[in-house]
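Here's the structure we're looking at; comments come further down.
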Amino acid sequence: MLPDIRSHAESPEVMPPEEMACRARLKTLGAEFEDAAPQASKDGCALPFPIKLERLSKTVDIEPDATINCAAAEASARFAESVVAPTAKATFGEELTMISQASAYVCRPRNGTRKLSEHAFGNALDIARFTLSKGTTIDVEPAPPEKAAKFLAAVRKAACGPFKTVLGPGSDADHDRHLHLDLAPRRNGGTFCQ
Ligand SMILES: [Zn+2]
């Protein structure tokens, strides 16, 4: 795999202030998490300060627990609270209770390339399903039912900006069953949403 600028960056022994500040903000959002063991590989995957995210916010759970970096966890928690929950309420009249994730930290290249995926830095979250308070489930899929399609389209559109990359059904064959959201560092803070 081709290394990334983040691949072999020195990991400080002490947690940097921005990581501490992120954890404080995440706590305020009602997220539940624990610090997890650093991840790294000779291929260049690197996650020096992972968290095991057990709950996104006071009202929204995540399953299974996700190993992820704090910035991506915070973006996901804010997205769940400020975008997904109100969209669920507006579309289905139900509260958002759970997000089912398909991957967070995974040491692998982007499919079909040698470039490391944002997952290799714990900087991405794949969402496969949303569960609402009366039991409604919305699966990310190529041809969802009408109401679900409307919900998914709104959520996906609003993800672009808070997240720097947004992919899903129709982007390519690898994203037929989940929304891929990441915080890829790009020049000028640009986005890639497809
Ligand atoms: Zn992904």
Residue ID - farthest from Ala75 (Cα to Cα), chosen from residues in region 153-173 that are assigned to a helix (DSSP H, G or I) and away from the ligand (no atom under 16 Å from the Cβ): Ala153
Of all residues making up region 151-177, the number that are open to solvent by less than 30 Å² (accessible area, probe 1.4 Å), touching a residue at least 40 places away in the same chain (Cβ under 8 Å) and either hydroxyl-bearing (Ser, Thr, Tyr) or farther than 21 Å from Pro86 by Cβ (or both): 1
Matching strands (runs of 3 or more DSSP E) fully within region 32-105 where at least 1 residues are more than 30 Å from Glu146 (Cβ to Cβ) and either among the small types (Gly, Ala, Ser) or open to solvent by less than 40 Å² (accessible area, probe 1.4 Å) (or both): 32-35, 51-55, 61-68
Answer residue from region 111-136, given it is part of a loop (DSSP other than H, G, I, E, B) and away from the ligand (no atom under 15 Å from the Cβ) and is surrounded by the most Cβ atoms within 10 Å (Cβ to Cβ) among those: Thr136
Breaking point among (1) touching a residue at least 60 places away in the same chain (Cβ under 8 Å); (2) closer than 18 Å to Leu179 by Cα; (3) of a type outside the set (Ser, Thr, Tyr); (4) touching a strand residue (DSSP E or B) at 6+ places or on another chain (Cβ under 9 Å), for Lys115: (2)
Top-ranked residue in region 1-29 [being in contact (Cβ under 8 Å) with a residue 40 or more places away in the chain and of a type outside the set (D, E, K, R); ranked as nearest to Gly122 (Cα to Cα)]: Ser7
Gly30 on the phi > 0 side of the Ramachandran plot, modelled with pLDDT of 95 or more and not aliphatic (A, V, I, L, M): yes
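The values are calculated or read from the model by the stated rules, or taken from the named source; none is laboratory data. Just so we're clear, the structure is a prediction, and the values are computed from it rather than from any experiment. Note: ideal-geometry Cβ built from the backbone for every residue, glycine included; neighbour counts use all protein chains shown. All accessible areas refer to the heavy atoms of the entire protein, side chains included, with ligands and DNA or RNA removed. Shrake-Rupley method; radii C 1.70, N 1.55, O 1.52, S 1.80 Å.
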